């Protein structure tokens, strides 16, 4: 039974999807049922690697949605508008939507989900996070028996490529970024990647699915790699760590020393610490071995323990694989019931509890701090005393470099409360002999 | 809406499932709809960590299946019979089945699938491979747009534990096995694990799903780790490799030098090379970093590239997580259609093409060979000549040890056809100065 596909966008991902649909042989037999009915493009005259009958191409995306031959709308144009409005228009027309648009879903996911639930259609988003890695559907469909403790991931390929090269070559950030731009691994305007916004979009989506309720995108503490010093990458390596841009969503438990209402779960809900920042990972951590433009997501839950999903985080082929997976899921479930059929609650992933972001000052983390000091006796002792006074317990404190009367001291703390750690840093900055807090990173 | 669960078996996995159902808070809200109606156990008097009302326990598994309050039958008793008959009985009663029983599925999967298709019920098996790792459903539901090239995995935790310790400690196989048995990581009768049968069961299942048709379990070439010498683990490490028990299912393409009918695809089908054997992996291969009782499965396809799934391969909690995922999928899809609903072809995973195992002698592999020779000039040259005469091209040939007139020579070949490689080995065994082919392993 033929299923009409309407494609909004024929860029890298759209062309990848069209290529799969055009060559079903050797793939799941349902692929052969998918017919590319209409495609919205920006410029009809542009030459394309795929030959499509000219009457299937249009510059009017609404015509694609409204075409009665189109059963499923696939949005791969990117950007916030008109993508958001087009997705809502498709939903209003009762047509299921597949989208790779993490920016729209991270910002308007709640509005879109509400419209989809009301109209009884699916909006599937496997391609929005982790490129070709099956991660959205496994979280929705394969881990529901668990209480999720933490979702952490390397979910931005550009920054992981840059960090991998900084670690391998000891190169500076700006230098590797310029090279990545030349090679096409980074955009001309790299802000969304290197400042962590793209990873924040994605962890908002993953957390919303893993914990069952929308996560406020604007509340995610986000730090990129754009101010990362090659020196800290090298020191981390000396101490047995690898620096990665990690996106983390963690369920916050009440802890013994802070029986605080900020930390307890909202009624019927869950309290989360969601953040993006460069992070020191121990060399044997499962995520430490993820190199180059690959992505990986580690999900920790009870009783499953740790499961990890690894693969190519971007690219036409991998992303198209994820888009087609979503199309197939919709095509498959259409065979279950007629037009009056209900929604599968796992595939529809409607939210079922409130997710509240906790006040960052009450969260607990391990930290890496690099201090620039005068090279003189007693400085390490004074620093240690300051941390101790703020109840910040220290794992190691090492002088790693000294020249011309200056020294560099690196401190790694145990897991400590953020406000106490900041208090200690304030006191240390004012110390005799301490010239600057030169860097401050998280440690896992 | 309450959904009645009938559990066949209350061992490690069954107790794990019951524990999840007994504490739904914080898990997906569908878990709260699952009611453990009846449980079949072997011995009513045995003390159990869970308190269940006595009237829910029975020693008669058929009574569980026949109980009208039971909507989904969960088979976690293990073994071939009566498990197979009970699964068929549940299907005949129109009840969907969730099973963790890889032995039954690998041997009777075709019979069970045929019965399930005819009766229109699901038989889900996420827990049968890879413990808590979502792998079965991602292959079924998230990779259908791909042409799968290869599925390879570390899918037996016991042998991976033994190999990890052999590599870390330089210990002998028998010694580590005895220790693993003491620690409960290996069974008193370890044959199914260490001889590769368990991994063969699992790769048969994975290949059947990835390639869309049943794979003949009896035709899988299987070699375990029970004859592996610690010396080869050490030599492999010196050469930059890690030894793992790998299960591999690979699509065989026609190759230029062998336009052979054995290698071409059967009409409407696919030709596969499916095997289990100790394998040398390059140290940076994604599977090389999988240690201890963890499992990982690497799926390679077009256009997705490489995706890997990693996690705990066994244990009560992880396996129960997978079983509950299956139950939730069935519960979720029940909400789509009424009793007359059709099957979702992705979730049902009915087979859609013929999978034929190819003649092993025509397959292509890289090999590791250890030869025991006399320590004299000219031996390496004669060995090299023999390989060359059989058109076996060599990547490296190294003398790694020499004492008391004896030497050990390790050869790593390029990818070569198996029959030519065997021909070369035969000639080498007969060589002047060669005492024995002491070990022969695959290399990736």
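Each value in this text was obtained by applying a stated rule to the coordinates, not by laboratory testing. Please read these numbers as outputs of a predicted model, since none were measured by experiment. For neighbour counting, all protein chains shown are included, and Cβ atoms are generated from backbone atoms with ideal geometry for every residue, glycine included.
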Of all beta bridges DSSP finds with both residues in the protein assembly as shown, what is the antiparallel percent, to the nearest 5? 70
Which whole-angstrom value gives the distance between the alpha carbon centres of the stretch A:381-444 and the stretch A:119-191? 31
Just tell me how shielded A:123-133 is by partners: mean number of partner chain Cβ atoms within 10 Å of each residue's Cβ, no decimals. 2
Residue A:376-residue A:188 FRET efficiency (beta carbon distance; Förster radius 45 Å; 0.05 resolution): 0.45
Cβ neighbours within 10 Å from other chains - mean over B:144-152: 6
Gain on full stretching of the segment that runs from residue B:45 to residue B:172 - 0.36 nm per residue minus C-alpha separation: 41.5 nm
Whole-Å distance linking the alpha carbon centroid of the stretch A:1-67 with that of the stretch B:279-297 is 39
For the stretch B:266-324, report the % of Cα-Cα distances exceeding 16 Å. 64
For the stretch A:1-135, what are Rg and Dmax over the alpha carbons, in angstrom? 14.2, 40
As a footprinting exposure proxy, order B:7, A:163, A:346 by other Cβ within 10 Å, with the fewest listed first. A:346, A:163, B:7
Between copies, how far does the label point of residue A:110 sit from its twins, in nm, shortest first, when each point is 7 Å from Cα along Cα→Cβ? 5.4
Residue order, fewest to most beta carbons within 10 Å, for A:189, B:326, B:226: A:189, B:226, B:326
Restricting to chain A, what percent of DSSP beta bridges are antiparallel, rounded to 5? 70
Inter-copy label distances at residue A:178 (7 Å, Cα→Cβ; nm, one decimal): 6.4
What do you get for the angle between helix A:197-211 and the principal long axis of chain A? Use alpha-carbon atoms, 0 to 90 degrees, nearest ten. 80
Among the Cα-Cα pairs of the stretch B:262-367, the proportion with separation greater than 21 Å, in percent, is 63
Nearest 10 degrees, 0 to 90: what angle lies between the long axis of helix B:173-183 and the longest principal axis of chain B (Cα atoms)? 20
To confirm my reading of the symmetry, which residue of chain B has the Cβ nearest the axis that brings B onto A, and what whole-Å distance does it have? B:337, 2
Helix-only [θ]222 nm of chain B, DSSP H runs n ≥ 4, -39500 (n - 2.57) each, per residue, nearest 500: -10000 deg cm²/dmol
Can you pull the mean other chain C-beta count within 10 Å for peptide A:345-355? 3
Write down the Å³ per residue value for the convex hull defined by the alpha carbon atoms of chain A. 149
Listed residues A:402, A:314, A:356; largest mean-square fluctuation, Gaussian network over chain A with Cα springs below 10 Å, found at A:402
Footprinting exposure proxy for A:277, A:285 (fewest neighbouring C-beta atoms within 10 Å first): A:285, A:277
Global geometry of the stretch B:323-370, whether rounded, prolate or oblate, following the gyration tensor of its Cα atoms and the 1.5 cut on a/c: oblate
Yeah, the stretch B:1-42 with a ≥ b ≥ c from its alpha-carbon gyration tensor (a/c under 1.5 is rounded, else prolate when a/b outruns b/c, oblate otherwise) is oblate
From the square roots a ≥ b ≥ c of the eigenvalues of the alpha-carbon gyration tensor of the stretch A:140-259, which class results: rounded (a/c under 1.5), prolate (a/b over b/c), or oblate? prolate
Could you give the radius of gyration (one decimal) and Dmax (whole number) of the Cα atoms in the stretch A:89-180, in Å? 18.0, 54
Work out how far the C-alpha atoms of the protein assembly as shown reach from end to end along every principal axis, then list the three figures in whole Å, largest first. 79, 76, 75
On average over all directions, what projected area in square nanometres does the stretch B:341-444 have, based on the convex hull of its Cα atoms? 9.0
In nanometres, what is the gap between the two model label sites at residue B:81 and residue B:118, each 7 Å from Cα along Cα-to-Cβ? 1.9
Copy-to-copy label separations for residue B:69, where each label sits 7 Å from Cα toward Cβ, in nm and ascending: 5.6
